[in-house]
Structure formats: structure tokens, C-alpha cells
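All remarks here apply to the structure that follows.
The values are calculated or read from the model by the stated rules, or taken from the named source; none is laboratory data. Owing to the predicted nature of the structure, the values given are computational and were not obtained by experimental measurement. Because the Cβ atoms are built from the backbone with ideal geometry, glycine has one as well, and the counts that use them run over all protein chains shown. For accessibility, only protein heavy atoms count, side chains too; no ligands or nucleic acids. Shrake-Rupley method; radii C 1.70, N 1.55, O 1.52, S 1.80 Å.
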Amino acid sequence: MMDEETLALFRSEAEGLIESLEARLLTLQTRPTDRELIDGVFRDLHTLKGSGAMFGRTDIAGFLHDFESAFEAVRSGSFAVDDELIMISLAARDHVAALLAADGGAGSGEEAILQRLAAHLKGGPVADGADAGEWMLRFYLPPDTLTLGGRPDLALQELRDLGATRTRALINEIPPFDELDPLNLHLGWEVALPGSVSEDDIRAVFLFHEQGLRLEMEKAEAPEDAATVDAVPVADHKPEEGARSPRSGQALMRVPAERLDDMMDRVGELVIAEARLIEIAGRSGDPALVAVAEDIQRLASAMRDTTMSIRMTPIGTIAGRFRRLAHDLSDRLGRPIAFTISGEETELDKTVVERLTEPLMHIVRNAADHGLEPAQERCAMGKPACGTIHLSARYSGAEVLISLSDDGRGINRDAVRARAIERGLLPEGAEPDDATLFDLIFAPGFSTTDEVSDLSGRGVGMDVVRRTIEDLRGTIEVQSEPGHGATITLRLPLTLAIIDGLLVETAKERFVIPLAAVDEIVELPEALAAEGAGNAFLDIRDSLVPFLRLRRILDSPGQAGAYQKVVVVTSSEGRVGIVVDRIIGSHQTVIKQLSPLHAGVKAFSGATILGDGTVSLILDVAQLVQRGRTMSDNGRQAA
Amino acid sequence: MTLRKDATTTDVVTFRLSGEVLAVPASLLREVLEPVDIARVPGAPEFVSSLINVRGTVVPLADLRVPLRMPRDEIGAGARIMVLDLPLEGQDAVVGIYADSVHEVTRLDAATMEAIPTVGSRWPPRFVAYVGRWSGAFVTIPDLPTIFADYLASQQSRPSSGASGAITQSEAEPV
């Protein structure tokens with residue numbers, strides 16, 4: 001009998017493998033000949049089967065046996081990957097997940113899957129073997145590339161565009177640390193390219209680096225037995241297979257999320273204590289104390305960066321789920337759907353990423369069900385038969401923008417309007433603008449579909465989406481172009497637990513402005529010093545920037561002195577100047593959420609504790625910019 | 001956490017606020033602080049108009065005189081801040097409240113506690129849990145959960161657009 005701990009270990013490992021298997025299978029669908037992926041799938045299956053047998057789960061091991069054989073065949077080139085194989089494999093992956101969850105005894109469907117596999121293997125496509133071989137490239141760009149402003153990453157990107165499969169950095173020429181000149185490029189790369197790429201195309205990549213370039217090219221012809229292809233160029237790296245993909249190459253640890261939260265809390269307190277220490281040390285004037293305090297400061301700030309980077313998760317980590325969802329939806333709705341993603345490396349705090357999953361799934365489901373038309377309808381309109389749902393993520397100032405767009409029919413304005421009037425959300429005969437109208441989609445229970453499908457149409461979902469995003473202090477925008485599709489953009493603050501802040505003072509009260517949002521700081525012209533004097537715009541290098549007086553926004557007592565400063569902040573909405581009495585300096589800001597008692601106060605995104613122990617509020621830049629815009633609109637109308 | 005009628009005795013902390021003796025259950029009290037630097041929250045309602053730093057956490061400071069409709073004189077130098085563990089919206093939370101002075105932890109006999117008389121009291125009745133007797137004087141036990149729940153509910157019913165309080169007014173400069 002296996003003890004609980006061992007079983008838990010097995011289960012956690014198996015879950016990891018199942019996850020990676022799914023991700024690989026879905027990618028394999030788009031790149032069915034990618035050898036690395038095929039190897040990866042085989043490895044996952046093999047390990048899953050092996051550890052299943054070892055931990056007494058013979059049901060899992062037995063079930064996976066045929067799949068392992070199938071991918072063995074694919075690996076050796078005697079069988080090719082096609083959609084059907086992927087479908088069957090995904091079904092098998094689900095079955096294993098079910099077996100794992102049920103602790104045995106969930107045997108239904110097993111036979112069907114295996115029969116389907118057997119039938120497919122008999123009649124399936126055989127790899128044509130017309131492999132054109134592949135290029136092996138080894139190159140060292142000229143050492144002065146970086147000094148001259150060259151971009152090795154662009155060269156690598158170009159190679160990737162040509163279809164590079166394996167890329168490896170060659171680090172044998174990196175000198176000892178003492179002799180390392182950071183401006184010299186010591187790295188080389190080894191890249192495998194498909195044999196179909198012409199030599200000229202490859203040379204073209206290095207067009208701008210010819211002086212001093214070292215480039216070796218060699219074409220490995222496809223041998224008779226494709227199975228040995230892999231063994232030729234990379235034979236010596238075989239033992240540590242992981243070198244090619246970071247996932248298995250580095251030692252990874254699974255850590256309960258709450259430990260990371262605890263750690264972040266501690267680091268937050270450390271940073272606050274450190275700020276106090278620095279202040280006390282500075283006042284004491286004792287050089288020994290100052291030196292220690294500075295050491296502590298350096299350590300605390302490194303600790304902060306490390307802890308934060310641990311918590312940062314690329315949005316790509318949840319992309320697998322959307323690919324799978326799109327795949328399943330495509331199957332269920334009987335219309336081809338492609339899911340694409342850009343900016344998957346955009347990182348967000350892990351809690352934000354986790355909480356985003358549900359809302360994004362809802363939006364994808366809606367897009368597939370309501371947005372994308374059936375294939376015939378699309379063809380009739382001259383669109384490609386396959387509908388596309390695209391997820392893009394990017395940074396914008398101190399925010400992250402995540403958009404989901406589809407190329408479907410767009411949102412039916414009239415239907416939304418009619419439904420809103422019917423439900424009393426709009427007065428009869430109202431002609432609202434797009435923003436107001438599309439906002440109604442997020443009302444609880446709102447749906448324009450009369451029939452309820454098992455996917456969407458019940459009107460639950462979009463209100464949940466809005467609530468979750470608002471909880472994360474984000475906003476939602478909807479754009480739609482009839483016949484061309486709709487885009488839903490989620491705008492999220494980078495709610496990190498610690499940010500770099502700019503500490504400013506107004507009427508003896510100190511506030512923090514997130515430094516990432518600060519563009520520049522200028523002096524307020526004397527002509528505008530007094531309230532009500534002049535207009536509400538600053539002329540900064542020939543562009544008009546509206547400005548707000550912090551005194552006025554915060555209802556501060558007293559009169560402003562001379563030499564007020566304007567902090568120009570930016571968000572994707574635009575720029576606005578904030579007039580403050582004095583700039584104090586930069587400040588490591590540990591964000592403390594405001595209590596629910598202050599949920600009604602929108603001007604601040606949180607609070608922090610300063611070095612002297614007082615509490616200071618963090619200004620919400622997005623809110624300020626919005627206000628600045630409204631103001632400048634009003635100003636223009638009045639002018 | 002509220003006082004229960006079936007309990008025979010309850011430990012409370014008595015304190016003085018605006019000339020009255022009040023008490024809160026001793027189990028809620030975390031610590032009593034000397035006056036500290038307080039940070040104003042511009043635009044926040046008077047009930048919770050500021051924040052304080054309690055050992056590295058930011059804690060809202062509430063003024064019970066607002067819901068209890070007591071006269072609000074200047075807070076004196078001898079004033080104290082009582083830091084309480086008080087769940088808000090079902091979540092653990094810490095809240096500070098003002099007290100002119102804090103007396104002692106004492107045991108109130110349930111037999112002496114009664115609901116507030118509906119007539120002849122200047123307190124809003126729904127905000128008072130019980131009235132007890134202590135050293136021959138009346139002691140009022142405010143119903144903190146109701147006071148805070150009412151306040152939160154009133155916040156939610158406020159229009160969410162257009163920011164809040166002092167900052168709803170257009171701060172546009174006259175053009």
C-alpha cells in the first residue's frame with residue numbers, strides 16, 4: 001500500500017505531465033513535423049506511463065501503452081501526425097486526467113478511445129519521407145555588433161521566421177568575469193533550419209554583419225532512415241534533453257502559492273523597516289551605521305526584485321487553456337476556429353493572471369458562439385472559412401492591456417439596443433453612443449440570444465467578467481465593427497505589491513505617484529501659479545497638456561507657495577499634468593490595499609508607509625488622466 | 001463577536017468618548033495606541049476620514065461619534081486609539097477607533113444589560129447593542145458590526161461614477 005505522501009507526489013507530477021502533454025499536443029497540431037515537440041509528447045507519455053506503473057496505477061500505464069507506441073512510430077517517421085491523431089490523443093489525455101482524479105474505477109470510454117486509435121493507426125497517413133534534410137548553422141556575430149547598435153535578437157528572429165527549429169546559444173567563448181567586456185558580443189548560436197530554405201535566404205539574414213562574421217553552414221541530407229536524423233547533429237546533447245526547452249532543462253520547484261504571498265508580505269515589511277533604518281542612520285551621522293544601513297538597503301532591494309520576479313507570471317501560462325477551449329469549441333460548434341496569441345511573454349502578478357482566466361474564457365466562449373459565423377456564411381462574405389480569435393497582451397504605461405478580438409460578425413447594435421429597451425435599461429427611443437450601448441452587455445442577465453445553448457446565451461458571464469475586472473481595479477472597453485468583428489480590451493493596472501514611486505508634497509501632505517506613469521517633471525510657469533490664472537493647459541514642447549491642481553482635487557487647506565512643480569503622467573488615454581507644491585524624491589512603495597471602508601474613494605489606488613512611519617496615499621493615475629481629459633474636453637467646448 | 005444574551009458575563013473594555021462611557025467586547029481589542037501621525041484621506045466620509053500605521057499595516061481610523069451623533073470636539077492630547085479586530089464583509093479586518101480615554105477591562109453581568117430604551121435616548125437605537133451598568137454608571141455598548149455594515153451598504157449605494165466626496169465637483173479651472 002502506498003502512503004498518502006507518495007501518492008500526492010505522484011499525482012502532482014502526473015498533473016504536471018498531463019498539462020505539458022496537452023500544451024504540446026495543441027502546438028503539434030499547428031506544427032505537425034516539429035521533431036522537438038514529437039519527442040516531447042513521447043517523453044511525457046513515456047514518463048506518465050512509467051511513473052503510473054511504478055506507483056501502482058496500472059490502469060493508467062496500461063491505457064497509455066498504445067499511445068506511447070503510436071508516438072514511437074511518429075518519432076521514427078513511419079507515421080505522421082494529423083488532426084485525428086491529435087483529437088484521439090487529447091481524448092486520451094482527458095481520460096487519464098479523469099482516471100487520476102477518480103483514483104481508479106472511471107473506466108468508461110476507455111475502449112472507445114483505444115479502438116479509435118487502433119483504427120486510425122491502421123489507415124492513417126504514413127510520413128512521406130521526402131524530408132529535405134536540414135541546415136545546421138553555427139555563427140558568431142562580429143564582437144563589436146552591440147557597440148555598433150546591432151541587434152542579435154533581430155537576426156535570431158529572422159532565422160525563426162525562416163523556420164528555425166532548434167536554437168542553442170554557444171557560450172564557450174565567454175571570457176572569465178574579470179575580462180568580460182559587456183559591450184563585446186561573446187555569444188554564438190547554433191540553429192537548425194529546414195532543408196527547404198535556400199542558402200541565399202540564410203545569408204541575407206547576416207547581410208549587415210558580414211564584417212567579422214564567423215558562419216558555418218552545413219546541410220545534413222535526409223538519410224534513408226529518418227529516425228537517425230535526430231542522432232546526427234545533436235547526439236552529444238541527448239542525455240540532458242532539456243537543454244532545448246527551458247521547462248525540463250532547469251530544476252523547477254512547485255511551491256504553494258500562499259508561501260509566495262507570505263514572502264511578499266515579509267519583503268514589504270522589510271522594505272518599510274529598511275526605509276526607517278536609512279532615515280535613522282542618516283540622522284545619526286555615524287559612518288559605520290550608515291554603511292550597514294546601505295548594505296541592508298541594497299540587500300532589501302535585491303530581495304524585493306527577486307521576490308517580485310518569482311510572482312510574475314507570463315500571460316502565456318494560461319494560453320494553453322484557451323487553445324484547448326478554442327479547439328473544443330471548434331469541434332462542438334462545427335466551425336473551424338483558429339486561436340492565436342501575441343505578447344504571451346507579457347508578465348502580470350500571479351494572482352492577477354489566475355483571476356483573469358475565468359473572464360477570458362467567458363469572452364472566448366462568447367466570441368466563438370456569437371461572434372464567429374458558420375463557415376459557409378463566412379465564405380459567402382469573402383472571409384476565410386476559418387474564424388480567428390486573437391489574444392494580445394502588451395504593456396502601456398503602468399497598465400497592461402489584454403485584448404481579445406474575433407473576425408466575426410461584430411456586435412449587433414440593433415439587437416443590443418432593442419433588448420436593452422425591452423429590459424428597461426434604456427428609455428424608449430434612446431440612441432446611445434457605442435460606449436454606452438456596449439456597456440450594457442455587461443449588465444447582469446443580459447443576453448440577446450433567445451435560445452440558450454450550453455455554451456453561452458444565458459447572460460451569465462459578462463457581468464462576472466466585469467465584476468472580476470473591477471475587483472482588479474481594471475476597466476473594460478468594447479469595440480465592434482459590423483461584419484469585421486469585435487474586440488474586448490481589458491485594461492489592468494500592474495498591481496504589483498511594490499512599485500517605484502515618486503513622492504510629492506502638497507499642503508504638507510505627502511502622496512505617491514507610480515514612477516512608471518511619470519513622463520517628466522516641469523516647473524509651473526509663474527503666470528499660471530495662482531489658481532484661475534491663465535488657461536488650464538501647459539505648452540510643453542508645442543503640445544498642449546491639460547493640468548490639474550492636486551491642491552484642488554484633494555481639497556487641501558492653505559495657499560500654494562512659489563515654485564510649484566508639474567508632474568506629467570501618462571496612460572494609454574493620454575497625458576495630464578499634476579501640479580504639486582514640491583517633489584520629494586523617489587520612494588520604494590509597498591502597496592497596501594485600502595480597506596473596504598474606503599472603497600468609495602476612487603482617487604487613490606492604495607496606501608503605503610513612509611520611512612518616518614506615516615501613511616501616504618498612492619494616486620490613481622488612470623483616474624487622474626481621465627479627469628484631465630474630461631476637463632480638456634470641457635475646456636475646448638468652452639473656448 | 002456580538003454580545004449574546006445567553007452569556008452570563010462578558011468581558012468588555014470601557015472607554016470614554018465625548019463625555020459618555022462606552023464599552024466594546026475585550027475579545028475585539030488588539031491594542032491601545034497613543035495618538036500617532038494620522039493621514040487624511042481626501043474625499044472620504046467623516047466616519048473614516050483617516051489612516052494610521054499600526055506596526056506596518058495601514059489601518060483605517062473610524063470616529064464613532066459620527067454614527068452615534070455625539071458632539072465632535074477637538075480630539076485632545078490625552079486621546080487614545082483602540083485597535084480592534086473587526087470583520088468587514090466577512091473578511092478579517094483591523095480598524096482603529098478614537099477614545100478620549102480608555103479605562104479598564106471589566107466583567108459585565110448579563111443580568112444588568114438591557115436593550116436600549118426606545119424613548120428618552122439620544123442614541124440611534126439600531127447602533128446600540130446593549131446598555132449595562134458599571135461602577136454605578138450607565139455604559140453603552142455600541143453595535144459595531146451594524147454600524148460598519150450600514151456604512152458599507154451606504155457606500156455601495158453611492159453612485160460609483162464620478163469619484164467621490166470632495167472630488168466630485170469639477171475641478172476644472174475656469175477657462
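A:ARG549's amide H: which non-local residues (gap 5+, or another chain) put their own amide H closer than 5 Å, with H modeled 1.01 Å from N in plane and none for Pro or chain starts?
When sequence neighbours closer than 5 places are left aside, the close amide H contacts are A:VAL579.
Once R0 is set to 30 Å, what does the formula 1/(1 + (r/R0)^6) return for the Cβ-Cβ distance between A:SER543 and A:THR357, expressed as a FRET efficiency to the nearest 0.05?
0.15
On C-alpha positions alone, give me the angle between the axis of helix A:413-422 and the longest principal axis of chain A, in degrees, nearest 10.
Once rounded, the angle reads 70 degrees.
Relative contact order for chain A using alpha-carbon pairs under 8 Å, separation at least 6, rounded to a whole percent?
Relative contact order, chain A: 8 percent.
From the mean inverse distance of alpha carbon pairs (Kirkwood) and the Cα radius of gyration, derive Rg over Rh for the range A:498-638.
Ratio value, two decimals: 0.95.
Mind jotting down the distance between the C-alpha centroids of the range A:565-622 and the range A:372-404, whole Å?
Cα centroid of the range A:372-404 versus Cα centroid of the range A:565-622: 36 Å apart.
Where both residues lie in chain A, what percent of DSSP beta bridges are antiparallel, nearest 5?
90 percent
If one takes the longest principal axis of the Cα atoms in chain A, at what angle in degrees, from 0 to 90 and to the nearest 10, does the Cα axis of helix A:110-123 lie?
Here the helix axis deviates by roughly 60 degrees.
So what is the accessible area of the range A:314-493 per residue, in Å², with the probe set to 1.4 Å?
With all protein chains present, the range A:314-493 gives 46 Å² per residue.
Mind ordering A:197-205, A:211-219, B:16-24, B:75-83 by average Cβ neighbours within 10 Å, highest first?
Highest-to-lowest ranking by the protection proxy: B:16-24, B:75-83, A:197-205, A:211-219.
Calculate the all-directions average of the projected area of chain A's alpha-carbon convex hull, and give it in nm².
38.9 nm²
Which angle from 0 to 90°, rounded to the nearest 10, does the C-alpha axis of helix A:35-54 make with the longest principal axis of chain A?
80 degrees
Can you run phi through the Karplus equation (6.51, -1.76, 1.60; θ = phi - 60°) for the range A:378-395 and list ³J(HN,Hα) in whole Hz, with x for Gly and Pro?
So the J values, rounded to whole Hz, are 5, 4, 4, 8, x, 9, x, 4, 8, x, 10, 10, 10, 10, 10, 10, 7, 7.
Suppose only helical runs count, i.e. DSSP H with n ≥ 4. What mean residue ellipticity at 222 nm does that imply for chain A under -39500 (n - 2.57) per run, divided by all residues and rounded to the nearest 500 deg cm²/dmol?
-13000 deg cm²/dmol
Just tell me how shielded B:28-39 is by partners: mean number of partner chain Cβ atoms within 10 Å of each residue's Cβ, no decimals.
That works out to 2 on average.
Take peptide B:54-63, look around each residue's Cβ out to 10 angstrom, count Cβ atoms belonging to other protein chains, and average those counts.
5
Per residue of the range A:280-294, what does 6.51 cos²θ - 1.76 cosθ + 1.60 with θ = phi - 60° give for ³J(HN,Hα)? Whole Hz please, x for Gly and Pro, Karplus curve as stated.
Here the 3J(HN,Hα) series is 5, 4, x, 5, 5, x, 7, x, 5, 5, 4, 4, 4, 4, 5 Hz.
Sort the range A:4-123 into rounded, prolate or oblate with this rule: let a ≥ b ≥ c be the square roots of the eigenvalues of the Cα gyration tensor; rounded if a/c is under 1.5, and if a/c is not under 1.5, prolate when a/b is larger than b/c, oblate otherwise.
Prolate shape, in that a/c is at least 1.5 and a/b is the bigger ratio.
Each residue of the range B:100-114 in turn: what ³J(HN,Hα) in whole Hz from Karplus with 6.51, -1.76, 1.60 and θ = phi - 60°, glycine and Pro shown as x?
Karplus-based 3J(HN,Hα) across the range B:100-114 equals 5, 7, 10, 8, 7, 8, 9, 9, 9, 7, 4, 4, 8, 8, 9 Hz.
To the nearest 20 debye, what charge dipole does the range B:1-89 have about its Cα centre, counting +1 at the Cβ of each Lys and Arg and -1 at the Cβ of each Asp and Glu?
Dipole size: approximately 120 debye.
Can you give the mean number of other chain Cβ atoms that lie within 10 Å of the Cβ atoms in peptide B:43-53?
Counting Cβ atoms of other protein chains within 10 Å of each residue's Cβ and averaging gives 5.
Taking a quarter of the surface of the convex hull around the Cα atoms of the range A:1-57, what do you get in nm²?
So the Cα hull casts an average projection of 3.7 nm².
Taking the highest mean first, how do the peptides A:598-608, A:339-349, B:102-112 order by number of other beta carbon atoms within 10 angstrom per residue?
Peptide ranking by packing, descending: A:598-608, A:339-349, B:102-112.
In debye, nearest 20: dipole of the range A:504-564 around its Cα centre with unit charges on the Cβ of K, R (+) and D, E (-)?
I would put it at about 240 debye.
With the crude spin-label approximation of a point 7 Å out along Cα→Cβ, what separation in nm comes out for A:ARG266 versus A:ALA443?
About 5.1 nm, to one decimal.
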